[in-house]
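What follows is a single structure, written as structure tokens, with notes after it.
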Amino acid sequence: MIPTDPRSAALDLAGGMVASGRFRGDLADLVAHRTESQNPTQAIELMRYLTEALVPRLEAMGFTCRMHANPEPGGGPLLTATRFEAEGLPTVLGYGHGDVIHGQDDQWRDGLTPFQLTEDQGRYWGRGVADNKGQHLINLLAMEAVIATRGSLGFNAKLLFEMSEETGSRGLYAFCQANRDLLAADVLIASDGPRLQPEKPTLFMGSRGALNFDLVVDLRKGAHHSGNWGGLLADPAILLVQAIASITDARGQIRIPEWRPTSLTPEVRAALAGLPLEGEGPAIDPDWGEASLTPAERAFGWNSFAVLAMKSGVPEAPVNAISGHARATCQLRFVVGTDSGALIPALRRHLDAQGLQAVQIVMDEGIFPATRLAPDHPWVRRVAASVQRTTGAAPHILPNLAGSLPNDCFSDVLGLPTIWVPHSWRGCCQHAPDEHMPIALAQSALRVMTGLYWDIGSGKVSGMAKGETAQ
Ligand SMILES: [Zn+2]
């Protein structure tokens, strides 16, 4: 069957890259680069991923490439690529990260190894296939399919690749600040993270923020005999757990007023209504979290507090003594509508009001900001309409991801509407052994992205970018 219209031809060309082995071969080349950014001995490989794996591919697609040193010490190199077609066309900025977390080579199941792509059980296995090499490869191949079919993209394309995402996107914010003109665009369209369900595309327009801090009670040097000193010396573990227990109630509902968002509007609730959360992973605890909210509202529309680790004394070898020291590593994930600058002062006031002045708040990392775009933003509607045209069904639309991304670089520094079209799923074992991408998902994503780039380049866009949809 020969497709009758060029859009279908482009979709079939991209989707056919799975059956032809093209996608698998290209993904294997990317995965073979051991780009562990947490491993200082692999610094040279971070550079080679850009110069050897990406630049030749991008130049063959008509992009002009520029390598950039990271503006911050210890950060990996960056690559920008521009394919300019004409004045007056919309400009789309894309983003990807070529670094991966540790390979964890000895923990993969038999027959799998992280830096050699394996096809098995309807999945591609390898470190980075989901996070993020497979995702940016899909977008590049989709652009290639549009160029091959139409002779042009129909829009101006810019790309930004970093190699430090897994170490906190070091230097990315400063790089965007220093290169606003180079990165100027009408919209960010990029891919990372999971779909809500593997068989249906998801759009998200930002991410929750993250505030990491330690609660520390450091009362005295060493431990003291609990018989001689118990009842006389304050116990740091008891003070610490009182502090934690005052932050939420017994089902994890946040009690500090400034830690509760003001942004769960009827529009956001409507966008979140009916989104599925079950599937891969542990069963959701129905009695945990904000009681009046649905599970989707708790994950995507609200803030959540967690104790990531805590210690007092020596749990492996307890002794009869009052410890001198206790520490808990804590995290608040928060949505837009939370005053991030007010979080720590509010916690201090809250602890002081409980008489817990001995509990110190120690921050060793900055705050990861929260970002979001309204689900009814014109660019969201456009992208959703394109996805529906390709798949026949409306995508899942999240105002923001529950996890965190460096999206503030694009939304806040560059001032762009940001739309993420993820090509992974929640069971992909990203950041763990046996990372994989389902082949059916790759095929679906190649078609979705080709349709999206096709529609952006079809000429209806510039009017729509001003705020109105053509459909
Ligand atoms: Zn990651």
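For the stretch 264-302, residues that are on the phi > 0 side of the Ramachandran plot and either loosely packed, with under 14 Cβ neighbours inside 10 Å or under 19 Å from the mean Cα position of the chain (by Cα) (or both) total 3.
Of the set (1) surrounded by 16 or more Cβ atoms within 10 Å (Cβ to Cβ); (2) farther than 23 Å from Pro406 by Cα; (3) of a type in the set (S, T, N, Q), all apply to Thr371 but (2). Residue count for the stretch 88-128, restricted to those that are farther than 18 Å from Arg48 by Cα, touching a Leu at 6+ places or on another chain (Cβ under 9 Å) and outside any strand (DSSP E or B): 3. For the stretch 100-125, the tally of residues that are surrounded by 24 or more Cβ atoms within 10 Å (Cβ to Cβ), under 11 Å from Asp434 (Cα atoms) and touching an Asp or Glu at 6+ places or on another chain (Cβ under 7 Å) stands at 2.
Of the listed requirements (1) small (Gly, Ala, Ser); (2) surrounded by 12 or more Cβ atoms within 10 Å (Cβ to Cβ); (3) part of a strand (DSSP E or B); (4) out of contact with any Pro (no Cβ under 8 Å at 6 or more places or on another chain), Ala326 misses just one: (4). Answer yes if at least one residue in the stretch 209-230 is within 16 Å of the ligand (Cβ to nearest atom) and either without any contact (Cβ under 8 Å) to a residue 40 or more places away in the chain or under 29 Å from His350 (Cβ atoms) (or both), and no otherwise. Scanning the stretch 209-230, I find at least one residue that is within 16 Å of the ligand (Cβ to nearest atom) and either without any contact (Cβ under 8 Å) to a residue 40 or more places away in the chain or under 29 Å from His350 (Cβ atoms) (or both), so the answer is yes.
Within the stretch 254-274, residues that are assigned by TED's automatic domain parsing to the domain that holds Leu332 reach partners that are of a type in the set (Lys, Arg) with beta carbons closer than 7 Å, at six or more positions or on different chains, in the pairs Ile254/Arg260.
Identify all residues within the stretch 145-179 that are aliphatic (A, V, I, L, M) and either more than 16 Å from the ligand (Cβ to nearest atom) or not assigned by TED's automatic domain parsing to the domain that holds Glu36 (or both); write none if there are none.
Within the stretch 145-179, Ala145, Val146, Ile147, Ala148, Leu153, Ala157, Leu159, Leu160, Ala174, Ala178 qualify.
Counting only residues that are of a type in the set (D, E, K, R) and over 13 Å from Ala210 (Cβ atoms), which one in the stretch 332-363 is farthest from the chain's Cα centre (by Cα)?
Here is the first cut: in the stretch 332-363, the residues of a type in the set (D, E, K, R) are 333, 339, 348-349, 352.
Subset that is over 13 Å from Ala210 (Cβ atoms): 339, 348-349, 352.
On the way: Asp339: 21, Arg348: 30, Arg349: 32, Asp352: 35 Å.
Filtering the stretch 332-363 for residues that are of a type in the set (D, E, K, R) and over 13 Å from Ala210 (Cβ atoms), the one farthest from the chain's Cα centre (by Cα) comes out as Asp352.
The values are calculated or read from the model by the stated rules, or taken from the named source; none is laboratory data. Predicted model, so just to flag it, every value in this text is computed and none were measured. Glycine gets a Cβ as well: all are built from the backbone with ideal geometry, and neighbour counts include every protein chain shown.
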